[in-house]
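As C-alpha cells, the structure follows; a few thoughts come after it.
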Amino acid sequence: MSTLFPADKSTDLIPIGNGFGLKKISDDRVEFYHFDKLQKVVPVKPQIDFRLFVIDLARSYALKKSKIAEALGISRQSIDNWLDIYHQHGVSGLENSPRTPTGNKARELELQRKQEREELERKEFQFNFSFDCQEDEKQIDQEEAPFQREHPWQKSRYAGIFVHQITLMSVWQWFKFTIGYFGERYKLFQVFLLMVCRNIGSIEQTKHIRNDEARVILGLPQFPGKDKLWEWFYQATGECLSSRLLKDFFRFQIRRGIVNLCLWFIDGHRLGYTGKKKVHHTYNTQRQIPEPGRTNMVVCDLQGNVVDFEIQEGKSDLKSFVANLDDRWEGEIEEKPIKVFDREGDGSGFFSGMVRKGNPFVTWEKHSDSKKLNAMSADLFSISFEVNKKEYGVFEDEKKYTFEYAAGEKTGGKEVYRFSLRRIYLWNKSTGKRTSGLAYTPHNEVSTQECAFAILSRWGASENIFKHIQTRHPYNYQPGYLFHESDNQSIANPSIKDKQKQIKRLKTETNKLYKQMATAKEGLTKEGTPRQNSIKERYKAEIRENELMIEKLLQEVKSLPERIELSLLDGNKSFKVIDNEGKNLFDFATSAVWNSRKQMIEWLQPYYPNKNEIVDLFYAITQCQGWIKTTRTNVTVRIEPLQQASRRAAQEQLCRKLTSLGTQTPTGKFMIIEVGDSPI
C-alpha cells in the first residue's frame, strides 16, 4: 500500500481537525491520535477494516472528508462511495469480490446520485421559474461570476454582511433569482444587498462606500460608481421582470416552508411623494391628512416574515386585496390562511363576501359600544392569557348580520343574505380598557384565545412590522422616479364640496339665529299685534331665507355626479402614476434581507440567554469588520470577535452554523465564515 499516502508526505502527525491526527507507521499500519495521544492503530489490510475506520472518522467523529482524504492519499469520492455503500449494503457491501466489484458499485452509486439530483431539482429547485417557462435562464461568463477572482487576505469593514450572503445563497437561492433573471446585472442586486444591510439610504450615498472593501465582500470584479449603478438600474428596470421575479420569489418561500401559512397579517404602508408631479393621494394616519403618494400592501406571517406585497396607486383598497389574496396563491396553499387586518376592513358587505367564499379572517370590530363593554361583568372574561407581558381576559359570543345584495341583471331584484360571525371580547387588565373583535374560521379549529392572540399580535401592544423594518433598513427608498399616465383620472366633484361647505355655513348661521330669536323681545303695535320690522321678525325672515337656500343646495348636491374627470376642470393637467418597477426590485432585496434576518435570529436564540438583546446582538454581528480571502476552492471571511464573552460565544456558534450549511458560489467555491483575530 505504498500509494496509500502521498509520496511527499513525511511520517509526522498529519492533523485532520478537532485535535485529531493520523500518522503513518508503515505501509500496512496507520496510527490515530487525539492531541498527540495515541487512540488506536489501524491495519491497512484487510481493506474492509480500513474502510470501516474511514467511515467511522467521517460519521462518528464528524471530521471533514476532504482532510481525511488528503491525509490518507485517497479521493473524497471514494469516501462518499464507501459511506453510501455502507448505508445501503452494510459491511458486506464494502468487501471486494468477483461478484460484487467495488467499481460497479461506484458506477451504480454515481447513477443513483445523478437520479437523486435530478429528482431534487424537479421538486425544489426547478419549481416552474418564469424564465423556465418563457425563456431560457440567463447565464454569465465564468470570469464575471461572483467571488471568482482569487486574492489573499484583505480587510473589509463590511465583512459582517457575509452572514446574509451565506444564508441567502443556501436557503433562498439568491443567485438563482438574480443571475437567472438579470444575467450580469446581478451585480446591481449585490449593491442593493449592501445598501439594505448597512441602511444606506440611496444610490447617491454609495459614493461614501470604500470601494475596494465593498468589492471583495460582494464578490464583484469592481465596485461601480454612481453613473454605472444607474446604468445597471435602468437596464434592469427596462426588462420589466419585477412582477415575475416577485411571484417566483414568494412562491419559492411558500413551497420551501420558509413562511408560515397559518396566520397572514395584512396592512398598508404609506410611501410618500414630495415631487412636483400630480399623483393621487394616500392618507397619512400620523398627521391625519391626505398626502400625495402610494400604499404598499404587505402580507406578513406570524413570525414577521414578508410573505407578499403589492404597491398600489394612491389610497389602497385593503378589502379587495384581502378578498383576492387566496386567488394570488391558488395552487400553492392547500388550506386558506386566516387573514388578520385592522378596522379598515370592517363592513357587512365585505364580511358577507368573505363568508360566501369561505375565506377565514380575524379583525377588530369597528364602532363597538364602549359603554356596553364597560358594563359587562368581569366574570364573563373567564379565559385569561398574557401577550407582550400584559394580562388579558377574553370571552366570545355571536354577532348576526343581514346584507342585501343585487340578485342579478335578469331578476333586477335584491336578495337578503344572513350570516353570523364570532365576536371576541377583550379586556386589557393592566389598563382596564375593553374592546371587541370579529372572526370567521369555518375550516379551522381556532379557539377564542387564539383569535384574540391573532388580533393582539400586530395591532395590540405591538405595532405592525413596518416600523421595525424602517428603523434598520431603507424601507422607504424609491430608486428613480418614472411616471406614466394614470388610468384613474377621476376626482371628487369639487362643486359638491363647495356646496357642502355653504350648507354647513348656513346651518351654523341658522342655529345662531334661532338662539338670538329666542332671547329677542317681541315688538308689538298699539293694537297688540307683532311689528313687521321688529328684530324678532327680522330673525324669522333670515331663518326662512337660509332654510330655503339650504334646501336648494341639497337638491343641487343630489343632482351633481360624485366624481368627475380632471380634464373637465383643467385640460392641461392629468394624474400621473409612479412606475413601481425599480421599487419592486429594491423591495425584493429588502424582503430577502429581512426574512434572512428572521432565520438567523432563530438560529442564534439557543446560544444566547438574554432574549431581549438578541436582535441587537445580530446587528452587532452584521456590523463587524473583518477580512476575506478567496482561493480556488473557498471564500473565507473572518470577522472580528465581539468583546463580551457570551456575545462572542453566540457569534462563533452562528458562524459555525452558517459554515456547516456547505454553501457554494455559482462556480462551486465553498463559503466559510469564522471568528478570529487579524490574519494579516
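Observations on the structure shown:
- Ellipsoid semi-axes in whole angstrom, largest first, where each is sqrt(5λ) of the Cα gyration tensor of region 475-552: 53, 14, 6
- With all protein chains in place and ligands, DNA and RNA left out, the 1.4 Å accessible area ranks K499, K315 as K315, K499, largest first.
- According to the Kirkwood relation over distinct C-alpha pairs, the hydrodynamic radius of region 148-201 is 12.4 Å.
- Among the protein heavy atoms of the chain, carbon and sulfur supply 46% of the accessible surface, probe 1.4 Å, non-protein parts ignored.
- Solvent-accessible area per residue for region 140-251 (1.4 angstrom probe, square angstrom): 35
- Span from the region 425-459 Cα centroid across to the region 606-623 one, whole angstrom: 31
- Here K501 and T431 are evaluated by their C-beta separation; at R0 = 51 Å the FRET efficiency comes out at 0.80.
- Membrane-span-like helices in the chain, defined here as complete DSSP H runs extending at least 30 Å along the helix axis by their C-alpha atoms with mean Kyte-Doolittle hydropathy no lower than -0.5, are 581-604; this is a sequence and geometry rule, not a statement about a membrane.
- When S384, S316 are compared by accessible area at a 1.4 angstrom probe, the order from most to least is S384, S316.
- Solvent-accessible surface (1.4 Å probe) assigned to D326 amounts to roughly 20 Å².
- Accessible area of T508 (1.4 Å probe, protein heavy atoms only, ligands and nucleic acids ignored): about 80 Å².
- The chain: calculated mean residue ellipticity at 222 nm from DSSP helix runs of at least 4, using -39500 (n - 2.57): -12500 deg cm²/dmol
- Here the label points at D56 and K515, each 7 Å from Cα along the C-beta direction, are separated by 10.0 nm in the simple model.
- Between the entries [x] 40, 31, 23; [y] 68, 30, 25; [z] 40, 34, 24, the label attached to semi-axes √(5λ) of the Cα gyration tensor in Å calculated for this structure is [y].
- Think of the chain as having a plus end and a minus end, set by charges on the Cβ of Lys, Arg, Asp and Glu; of P609, T431, G314, T431 sits farthest toward the positive end of this dipole.
- R51, R656, ranked by accessible area, largest first (probe 1.4 Å): R656, R51
- For region 215-280, the calculated P(r), taken from all Cα-Cα distances in 10 Å bins from zero up to the bin holding the longest distance, is 14, 21, 37, 25, 4 percent.
- Solvent accessible area, Å² - F483, 1.4 Å probe, full protein context: 60
- Two-decimal ratio, region 292-414, of alpha-carbon radius of gyration to 2.2 N^0.38 Å: 1.33
- Sites matching GluC sites (Glu not before Pro) across region 509-615 that sit in DSSP coil, with at most 15 neighbouring C-beta atoms within 10 Å: E522, E527, E562
- For the chain, the Cβ-based charge dipole about the Cα centre amounts to some 2160 debye (Lys, Arg positive; Asp, Glu negative; other atoms uncharged).
- Flagged links, alpha-carbon separation over 25 Å, of K226/K573; K207/K277; K155/K207: K226/K573; K207/K277
- Relative contact order computed over region 335-408 (Cα-Cα under 8 Å; 6+ residues apart), in percent: 27
- Bridgeable lysines around K319 (alpha carbons under 23 Å apart, same-chain partners fewer than 8 residues away excluded): K247, K336, K339, K357, K366, K399, K400, K414, K467.
- Bridging of K507 to lysines at a Cα separation below 28 Å is possible for K497, K499, K515, K521, K536, K540, K552, K558, once same-chain residues fewer than 8 apart are set aside.
- Using a simple spin-label model with pseudo-atoms 7 Å out from Cα toward Cβ, E485 and Q470 lie 3.3 nm apart.
- Signed unit charges on C-beta, dipole axis of the chain, positive-most listed residue I48, I465, V557: V557
- For region 161-256, a/c is not less than 1.5, where a ≥ b ≥ c are the root eigenvalues of the C-alpha gyration tensor, and a/b does not top b/c. That puts it in the oblate class.
The values are calculated or read from the model by the stated rules, or taken from the named source; none is laboratory data. Not measured: the values here are computed from a predicted model. Glycine gets a Cβ as well: all are built from the backbone with ideal geometry, and neighbour counts include every protein chain shown. Remember, those area values only see protein heavy atoms, side chains included, never the ligands or the DNA or RNA. Shrake-Rupley method; radii C 1.70, N 1.55, O 1.52, S 1.80 Å.
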